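Colleague: Pasting a structure here, questions to come.
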Amino acid sequence: KQWYQRRVRGNNKDSYHDYKRTTDNNLIKINVSGKKFTTTPDTLRFFPDTLLGSEEIEEYYNEELDAYYFDRHRGFFSALLFFYQSKGVFRSPTNIDRDIVEEELEYFKVDLAKIFSFEEDECSLQEELTLRQKLHNFLMDPHFSKAAMIWAFFDMLAIVLSVVLLVTESVPSATKYFNDKQYNIYYVLYGLEILINGFFTIDFTLKLISWPKPWLFFKSFLNVLDLLAILPFYIEIIAMMTSSSATSDKFVVLRICRTSRVVRIFRYIR
């Protein structure tokens, strides 16, 4: 669930950490997995018992980047920094799995149970995501959960294998292995093609089902390319079943359409 906590007082300390690495304007630069953030020492000092508010942060300074570097979840850190900036308002990102949120909070030593007094009238809970919304986030955001990350990995693996098979099939000396059943490797290659297209079909169907407004699904150019990537396989099967004279040459254009699969990689470039 996404929840919103009222403002609270920071921990009272007689002394605060004196940051050793600040800019000329007395700002602190933080780099989280390549994403840059800037804040002030006083902002982080408000919670001195946390990683960012204590002297422990000095262990994470990177001379080459000239910033405090953390190899952590970039999307979550925006919410964490807002927590410091607002002096105690924490909004859990809805597109990040709760388990990951808890892991990140633990890593940065932000103990919400200790900082807040959880009385029902002091915090309001927003409605939990629906199953459809969770499915959409799972498919569209690899950082939503560990399972989403694994799904994205297999998606990219399927894309790479698909392109490798397509390129190999275009090599004259290897074409026979894709079209002649007398070679045992034909069944291996065809089996891989079935698995890859099966995965893409399931992924495409689930995206269509979970899309916020299904009737606008094909307004996304990437979704159109996804459809073009899987259609050739099924058209070829239908054509071969209905025409005894079908040859591989007739499917050249359809197979070229499969190259659109490589565009799926752009979903993961952020």
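Colleague: On the full set of protein chains, 1.4 Å probe, figure out the accessible area of ILE202 and give it in Å² to the nearest 10.
Modeller: Here the residue's solvent-accessible area equals roughly 90 Å².
Colleague: When the accessible area of segment 159-237 is split by element with a 1.4 Å probe, what percent falls to carbon and sulfur?
Modeller: 75 percent
Colleague: I'd like the Kirkwood hydrodynamic radius of segment 156-228, using the inverse of the mean 1/r over distinct C-alpha pairs, in Å.
Modeller: 14.0 Å
Colleague: Using a 1.4 Å probe on the protein heavy atoms only, what accessible surface does MET156 show? Give it in Å² to the nearest 10.
Modeller: Its accessible surface works out to 70 Å², give or take rounding.
Colleague: Of LEU65, LEU135, which has the most accessible area with a 1.4 Å probe, and how do the rest follow in descending order?
Modeller: On the way: LEU65 80, LEU135 45 Å².
Result of the area sort, largest leading: LEU65, LEU135.
The values are calculated or read from the model by the stated rules, or taken from the named source; none is laboratory data. Nothing here was measured: the structure is a model prediction, and the numbers come from that model. When the accessible area is computed, the model is the full protein with side chains, heavy atoms only, and any ligands, DNA or RNA have been set aside. Shrake-Rupley method; radii C 1.70, N 1.55, O 1.52, S 1.80 Å.
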